[in-house]
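The values are calculated or read from the model by the stated rules, or taken from the named source; none is laboratory data. All values reported here derive from a predicted model rather than from experimental measurement. Quick reminder, even Gly has a Cβ in these numbers, built from the backbone with ideal geometry, and neighbours come from all protein chains shown. These area figures cover heavy atoms from the full protein model, side chains too; ligands, DNA and RNA do not enter into them. Shrake-Rupley method; radii C 1.70, N 1.55, O 1.52, S 1.80 Å.
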Amino acid sequence: MQAWKDYQTKNKDRFLEELLQLLRIPSVSAKTEHKADMQKCAEAVKQRLLDAGAEKATVYATDGHPVVFAEKIVDPAKPTVLVYGHYDVQPVEPLELWNSGPFEPVIKDGRIYARGSADDKGQFYMHVKALEIMTKTNSLPTNIKFLIEGEEEVGSPNLGKFVAANKALLKADVILISDSSMLSMENPSIDIGVRGLAYIQVEVTGPNRDLHSGVYGGAVGNPITMLSKMISSCHDENNHITIPRFYDDVVEATAEERKLMAQAPFDENKYKKDLGVKELWGEKGYTTNERTGIRPTLELNGIWGGYTGEGSKTVLPSKAFAKVSARLVPNQSSKKITQMLLQHFKNIAPACVTVETFELHGGEPYMTPIDSKAYKAAAKAIESTFGKKPIPVRGGGSIPICAILEKELGIKIVFMGFGLDSDNLHSPNEKFDLVNFYKGIETIPYFHKAFAEMEQ
């Protein structure tokens, strides 16, 4: 559609500036000090949706951060696409590793550097601008609804209740999500699934106070040492997770699926160079792409205790802490694995310390059928703008709300992510390539066109 391309070309600088304005809002959902920023960002998203052509947009309060809903209904007889995204972002620490301010977006070498640029402000905003293109050129082929939440990065604890209470409001024929990545611009792909998540915190206590490490060292169990031993014991020599019954419910990928995954281009040397590592690590018997897509994992996300300030302090600490997460695959249950993790760290604690464990958040794994109309529409849209068919792959990340959305609304999800694995998601110097941002805006209208034609 030449009219789509012409409109985008004419307005691309404004599209970018609007995104930069959103990126300047520090909408960190995990920190209470940003509560006002969360409200400000929700209101900004609402206004952008109205400006883009939504006939109504509303900020709904929840028990946590607000949800933004908007819609454009052109004809009740036409199919309806529900776009899901999130305006909240991850914490930015460690600040000293950022090359520029995380909420002071910088464009360098054709990339936007800022927290939320790829996850997920830049990606959901592609849909807002696609809506504008289609409404302003009077060519919107579907009805569109938007559900943009503010708690994805903390596990979407309140969105499930909102969805359950607003099924009529959210009624649609498919859910479209751009909160994932593709292999590369040269080798476009579509995620056919995301992993689930179980996330806990472990607190290990030894003596009733910090001790002099010379006077008491060697006589009293050090909580940091004990915690380190406990964590180390969770993998064997083949990097297989040792927690009893952890793999019981795992649905093994078929030989056919593994063969299909192997067709995805992968340069191990380039991968290692990009990450700055000499060797890769993972479960024996699986390739790198399989380890991050079809296999469950157990990772240490943070560990602290004792003295970590400048200089030295010879202390034997009273406490040590760790944040531990598991990425899950079909048919693992986040609730079951969470309880397993909570109990396991208590079971393996040595007698010289006591252990308390706490659930943080989680979500279920999700798979989308590749024979659905929505998947075929997404594949056709990508082929229209990239000039080649996308490769179906499994994503390694998690979108906790997916399984709940399908359960409550009774419709399937299709992923159309335009980010890259190298976008430093959740890390310092998060970035989103401008070419990906604009390509997403260009491609999304083709999804609506193809989906409307398939639903006729």
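Residues of region 340-372 that are within 19 Å of Ile241 (Cα to Cα) and loosely packed, with under 15 Cβ neighbours inside 10 Å: Gln343, Lys346, Asn347.
Within the group Phe345, Phe451, which residue is modelled with pLDDT of 95 or more and closer than 30 Å to Ser232 by Cα?
Values: Phe451 fails: closer than 30 Å to Ser232 by Cα.
Selected residue: Phe345, the only one of Phe345, Phe451 that is modelled with pLDDT of 95 or more and closer than 30 Å to Ser232 by Cα.
Applying the condition of being assigned to a helix (DSSP H, G or I) and either modelled with pLDDT under 95 or open to solvent by less than 80 Å² (accessible area, probe 1.4 Å) (or both) to region 22-35 and asking which residue is nearest to Ser139 (Cα to Cα) yields Leu22. Tell me which residues, restricted to region 53-87, are more than 19 Å from Pro400 (Cα to Cα) and in contact with a Gly (Cβ under 9 Å, 6 or more places away or on another chain). Hit for region 53-87 is Lys72, nothing else.
On inspection, Phe124 passes the criterion of being assigned to a helix (DSSP H, G or I) and farther than 18 Å from His34 by Cα.
When Met367, Met340 are checked against the criterion of being more than 30 Å from Val81 (Cα to Cα) and of a type in the set (A, V, I, L, M, F, W, C), Met340 stands alone in meeting it. Among residues of region 40-51 that are closer than 13 Å to Val128 by Cβ and acidic (Asp, Glu), those with a beta-carbon under 9 Å from a residue that is open to solvent by less than 10 Å² (accessible area, probe 1.4 Å) and modelled with pLDDT of 95 or more at least six positions away or on a different chain give the pairs Asp51/Val128; Asp51/Glu132. The C-beta contact set for region 382-397 (first residue open to solvent by less than 30 Å² (accessible area, probe 1.4 Å), second residue at pLDDT below 90 and in a loop (DSSP other than H, G, I, E, B), distance under 8 angstrom, 6+ apart or interchain) comprises Pro392/Ile370; Val393/Ala264.
Inside region 196-249, residues that are open to solvent by 30 Å² or more (accessible area, probe 1.4 Å), assigned to a loop (DSSP other than H, G, I, E, B) and not polar (S, T, N, Q) make up a count of 15. Taking the criterion of being in contact with a helix residue (DSSP H, G or I) (Cβ under 7 Å, 6 or more places away or on another chain) and closer than 30 Å to Gly395 by Cβ, the residues of region 310-331 that qualify are Ala322, Val324, Ala326, Leu328. Select from region 250-273 the residues that are of a type in the set (Asp, Glu) and within 24 Å of Lys389 (Cα to Cα) and write down the one among them that is surrounded by the most Cβ atoms within 10 Å (Cβ to Cβ). By that ranking, first place goes to Glu257. Give region 301-359 a look and list any residue that's among the basic types (Lys, Arg) and closer than 28 Å to Asp210 by Cβ, or say none. Of everything in region 301-359, those that are among the basic types (Lys, Arg) and closer than 28 Å to Asp210 by Cβ turn out to be Lys313, Lys319, Lys323, Lys346.
Here is a yes/no grid of residues against (1) within 23 Å of Lys272 (Cβ to Cβ); (2) of a type outside the set (A, V, I, L, M, F, W, C):
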{"residue": "Ala403", "(1), (2)": "no, no"}
{"residue": "Glu408", "(1), (2)": "no, yes"}
{"residue": "Ser422", "(1), (2)": "yes, yes"}
{"residue": "His426", "(1), (2)": "yes, yes"}
{"residue": "Lys431", "(1), (2)": "yes, yes"}
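Taking into account only those residues within region 419-456 that are within 14 Å of the chain's Cα centre (by Cα) and open to solvent by 10 Å² or more (accessible area, probe 1.4 Å), which is nearest to Tyr7 (Cα to Cα)? Top of the filtered list is Leu420.
A quick yes/no check of all residues on (1) in contact with a strand residue (DSSP E or B) (Cβ under 8 Å, 6 or more places away or on another chain); (2) assigned to a helix (DSSP H, G or I); (3) closer than 23 Å to Asn143 by Cα:
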| site | (1), (2), (3) |
| --- | --- |
| Asp63 | no, no, no |
| Lys78 | yes, no, yes |
| Val81 | yes, no, yes |
| Gly85 | yes, no, yes |
| Val92 | yes, no, no |
| Gly116 | yes, no, no |
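Considering each of Ile144, Ile190 in turn, give the residue that is assigned to a strand (DSSP E or B), under 16 Å from the mean Cα position of the chain (by Cα) and not hydroxyl-bearing (Ser, Thr, Tyr). Even if it seems obvious, please write down each step before you answer.
Values: Ile144 fails: under 16 Å from the mean Cα position of the chain (by Cα).
Of the residues listed, the single one that is assigned to a strand (DSSP E or B), under 16 Å from the mean Cα position of the chain (by Cα) and not hydroxyl-bearing (Ser, Thr, Tyr) is Ile190.
Look through region 285-320, keep the residues that are part of a strand (DSSP E or B) and open to solvent by 40 Å² or more (accessible area, probe 1.4 Å), and return whichever of them is farthest from Asn269 (Cα to Cα). Spell out how you get there, then give the answer.
So in region 285-320, the residues part of a strand (DSSP E or B) come out as 297-305, 315-316, 319-320.
Subsequent filtering for residues that are open to solvent by 40 Å² or more (accessible area, probe 1.4 Å) retains 299-301, 303-304, 319.
Values: Glu299: 23, Leu300: 25, Asn301: 25, Ile303: 30, Trp304: 33, Lys319: 41 Å.
Going through the qualifying residues, I end up with Lys319.
Remark: pairs (first residue in region 3-18, over 18 Å from Ala114 (Cα atoms); second residue outside any helix (DSSP H, G or I) and open to solvent by less than 80 Å² (accessible area, probe 1.4 Å); Cβ separation under 9 Å; 6+ apart in sequence or on different chains) = Ala3/Thr137; Ala3/Ser139; Trp4/Thr137; Trp4/Ser139; Asp6/Thr137; Tyr7/Thr137. In this structure, does Leu170 turn out to be touching a residue at least 60 places away in the same chain (Cβ under 8 Å), open to solvent by 10 Å² or more (accessible area, probe 1.4 Å) and part of a loop (DSSP other than H, G, I, E, B)? Taking the combined requirement at face value, the residue does not satisfy it.
Can you list the strands (runs of 3 or more DSSP E) found entirely within region 389-456 that contain at least 3 residues being hydrophobic (A, V, I, L, M, F, W, C)? Those strands (runs of 3 or more DSSP E) span 413-415. Against the conditions (1) touching a Gly at 6+ places or on another chain (Cβ under 9 Å); (2) farther than 17 Å from Asp51 by Cβ; (3) acidic (Asp, Glu), Glu132 satisfies every one except (2).
Can you tell me how many residues in region 36-61 are part of a helix (DSSP H, G or I) and polar (S, T, N, Q)? Outline the logic, then answer.
Of the residues in region 36-61, the ones part of a helix (DSSP H, G or I) are 36-52.
Okay, now just the ones that are also polar (S, T, N, Q), so 39, 47.
Total satisfying the criteria: 2.
I'd like to know if region 100-108 contains one or more residues that are of a type in the set (A, V, I, L, M, F, W, C), in contact with a strand residue (DSSP E or B) (Cβ under 7 Å, 6 or more places away or on another chain) and either farther than 22 Å from Asn143 by Cβ or crowded, with 19+ Cβ neighbours inside 10 Å (or both).
The first filter runs over region 100-108 and keeps only residues of a type in the set (A, V, I, L, M, F, W, C), leaving 103, 106-107.
Next, only the ones that are in contact with a strand residue (DSSP E or B) (Cβ under 7 Å, 6 or more places away or on another chain) stay: 106.
Applying the additional criterion that residues be either farther than 22 Å from Asn143 by Cβ or crowded, with 19+ Cβ neighbours inside 10 Å (or both) yields 106.
There is at least one residue in region 100-108 that is of a type in the set (A, V, I, L, M, F, W, C), in contact with a strand residue (DSSP E or B) (Cβ under 7 Å, 6 or more places away or on another chain) and either farther than 22 Å from Asn143 by Cβ or crowded, with 19+ Cβ neighbours inside 10 Å (or both).
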